[in-house]
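Comments concern the structure below.
The values are calculated or read from the model by the stated rules, or taken from the named source; none is laboratory data. Nothing here was measured: the structure is a model prediction, and the numbers come from that model. So basically every Cβ, Gly included, is an ideal-geometry build from the backbone, and we count neighbours across all protein chains shown.
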């Protein structure tokens, strides 16, 4: 399964050793998940990383190596009503490259959380892990 991780998930994984975002990284290999981001998300993560604790930079260097970096996608052929212009590259890139978009951004993705966007599931990391556990697909 291909999981697109937005900036909020990457920052949460860097900032906490115990949350669902970090757990995604911990068990990705065992579950054969491909963790995907784009340059747009990586730049946004790097720009916001200094607001976290000092160790977050070292954690980011490790986690960054586990990501498959795909090209940013800025347009799609489908009709889209998504008013948050700054997050369109996240949504469109996830649609192009992944099966699931993982986000903690309730403000910008509120209308999509827990639903599908042209077949792309949009979930919080914890909700995704619960879904996989309930379906009996979670390893680790």
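Brief remarks on what is shown
- Of the candidates 122, 90, 80, the single residue that is touching a helix residue (DSSP H, G or I) at 6+ places or on another chain (Cβ under 9 Å) and either part of a loop (DSSP other than H, G, I, E, B) or modelled with pLDDT of 95 or more (or both) is 80.
- Residue 66 meets each of the listed conditions (1) in contact with a strand residue (DSSP E or B) (Cβ under 7 Å, 6 or more places away or on another chain); (2) at pLDDT below 95; (3) surrounded by fewer than 17 Cβ atoms within 10 Å (Cβ to Cβ) apart from (2).
- Take the conditions (1) at pLDDT 95 or above; (2) more than 13 Å from the chain's Cα centre (by Cα); (3) not in a loop (DSSP other than H, G, I, E, B); residue 128 misses just one of them, which is (2).
- Yes/no for residue 37 being in contact with a strand residue (DSSP E or B) (Cβ under 9 Å, 6 or more places away or on another chain) and either surrounded by fewer than 19 Cβ atoms within 10 Å (Cβ to Cβ) or free of Cβ contacts under 8 Å to residues at least 24 places away in the same chain (or both): no
- Segments classed as helices (runs of 4 or more DSSP H), wholly inside the stretch 1-70, with at least 1 members that are under 24 Å from residue 133 (Cβ atoms) and under 13 Å from the mean Cα position of the chain (by Cα): 7-15, 20-27, 56-64
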